[in-house]
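Let me begin by presenting the structure, written as structure tokens, before commenting on it.
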Amino acid sequence: MTKQKSFLHSYYIILLVIFASCAGKNPDSLNPGRKSLTTGWAYNDEKNGGYSVVDFSGQPTGPNLTFIEGGRTVVGSSEQDITWDHDNMERTLTVASFYMDISEVANIHYLEYLHWVQKDSSEEFFLAALPDTTVWHSALAFNDPYVEWYLRYPGFRYFPVVGVSWLQATDYCKWRSNKVNETMGDGDQEATITNGLKLPNYRLPTEAEWEYAAQALIGTGLPGDENQNNRRIYPWDGHTVRNRTDKNLGLINANFKRGLGDYGGVAGKLNDGAFVTEEVFSYWPNDYGLYNMAGNVAEWVYDVYRPLSFQDFDDLNSFRGNPGEEGVEDEAGGYDYAGYQSLINDKVRVYKGGSWKDIAYWLSPGNRRFLSQDSSTAYIGFRCAMIRAGGALEK
């Protein structure tokens with residue numbers, strides 16, 4: 001056999017192997033095949049009325065989002081329960097993969113939202129969307145300059161927006177979903193769910209998603225070991241708030257209040273470098289690439305607050321957001337809100353994470369607090385999340 005014939009023979013064998021492997025490959029969401037497995041009819045055969053199956057290469061990652069691979073974890077407080085609330089006891093659950101903003105929503109992002117709302121909506125809705133900048137005012141402090149300057153001055157562009165209620169944050173998420181999907185079309189083709197061009201809605205993360213993402217226990221187990229032997233008090237390794245890497249050894253990992261009257265340390269030796277909030281990309285991201293999951297501002301999550309959330313829960317994608325729904329435990333009627341014996345009703349929402357105004361205790365992902373959904377403060381902001389519409393892993 002000549003060298004040329006030998007080469008051609010080998011080439012044909014390789015082609016046969018490739019074709020055989022392709023022919024034996026099962027279809028999947030990205031490669032559904034040319035015809036139906038169950039009817040044998042060809043897809044996209046307009047002449048014979050075939051079913052339309054669009055090309056799909058996977059869910060795009062929306063602006064400012066990062067992929068959070070889901071899994072099993074233990075949620076709940078890993079700190080001493082110094083408030084004696086007993087409202088977040090440890091429990092095991094699974095969180096499905098999802099996407100999350102790498103940073104808190106900043107002033108510049110919210111001002112962009114206000115710009116479009118003023119153009120496209122009623123004056124009434126625009127006024128309702130405005131943050132309450134008076135949250136900076138205090139009768140015993142000279143913080144009044146922040147009332148006028150914090151939201152709109154360019155020097156604060158990338159500081160987290162505050163003075164935003166849970167209701168306002170959810171309205172922002174709805175607007176962002178629509179605005180992002182306006183850019184997702186393909187030429188003259190409108191973005192829809194069925195053609196794969198439309199992204200799922202931006203929304204607030206559930207409490208379980210937020211806590212899971214803050215823990216960031218990805219890749220911390222031993223190879224081949226499904227047990228998660230690591231626990232974290234904070235969104236980083238170690239039992240202190242200081243950085244343990246050689247390059248940044250001893251530096252503060254987050255923006256918080258170290259103690260009474262100590263918001264930033266002494267001049268020439270500042271600890272976290274911030275007296276109130278700081279830019280949303282300050283400090284170091286956790287192992288999921290998320291910034292400020294501890295400190296800077298606490299963050300609204302989707303859930304209605306109940307102290308028995310640790311007791312009444314689904315162990316897959318745990319969420320308490322449907323008050324009044326039949327079968328939901330721990331109803332608001334069990335709390336004497338009307339008689340002023342409780343602050344709990346169906347309009348109080350959970351917020352997570354510590355802030356510039358909090359001591360280190362609140363930096364632990366398992367701790368939780370609540371506030372009325374129409375209230376706002378100078379220390380609560382938010383970030384958005386989105387479902388992963390497909391498999392657990394990115395392809």
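Read the figures in this text as sums done on the coordinates, not as results from a lab. Quantities reported herein were computed from a predicted structural model and do not represent experimental measurements. Because the Cβ atoms are built from the backbone with ideal geometry, glycine has one as well, and the counts that use them run over all protein chains shown.
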Next on the checklist: Given a Förster distance of 35 Å, report the FRET efficiency between Ala42 and Ser375 from their Cβ-Cβ distance, rounded to the nearest 0.05.
Outcome noted: 0.05
Next on the checklist: At 0.890 mPa s and 25 °C, plugging the Kirkwood radius over alpha-carbon pairs of segment 42-131 into Stokes-Einstein gives what diffusion coefficient in µm²/s?
Outcome noted: 129
Item to check | Exposure rule at most 14 other beta-carbon atoms within 10 Å, DSSP loop chymotrypsin sites (Phe, Trp or Tyr not before Pro): the chain longest free segment | outcome: 143-274
Next on the checklist: What does DSSP give for the chain in terms of the percent of beta bridges that are antiparallel, rounded to the nearest 5?
Outcome noted: 90
Item to check | When each of Lys269/Lys347; Lys47/Lys179; Lys179/Lys257; Lys269/Lys352; Lys35/Lys174 is checked by Cα-Cα distance, pairs over 32 Å | outcome: Lys269/Lys347; Lys47/Lys179; Lys179/Lys257; Lys35/Lys174
Item to check | Rounded tilt (10° steps) of 3-23 against the dominant C-alpha axis of the chain | outcome: 50
Item to check | 11 Å beta-carbon shell around Phe159, net charge (K/R +1, D/E -1) | outcome: -2
Checklist entry - How are the Cα pair distances of segment 69-395 distributed, in percent, across 10 Å bins from 0? => result 5, 24, 34, 26, 10, 1
Checklist outcome for this item: Among Ser29, Ser97, Ser165, the residue with the largest mean-square fluctuation in a Gaussian network model of the chain built from Cα contacts under 10 Å is Ser29
Item to check | Gain on full stretching of the segment that runs from Leu393 to Leu316 - 0.36 nm per residue minus C-alpha separation | outcome: 26.0 nm
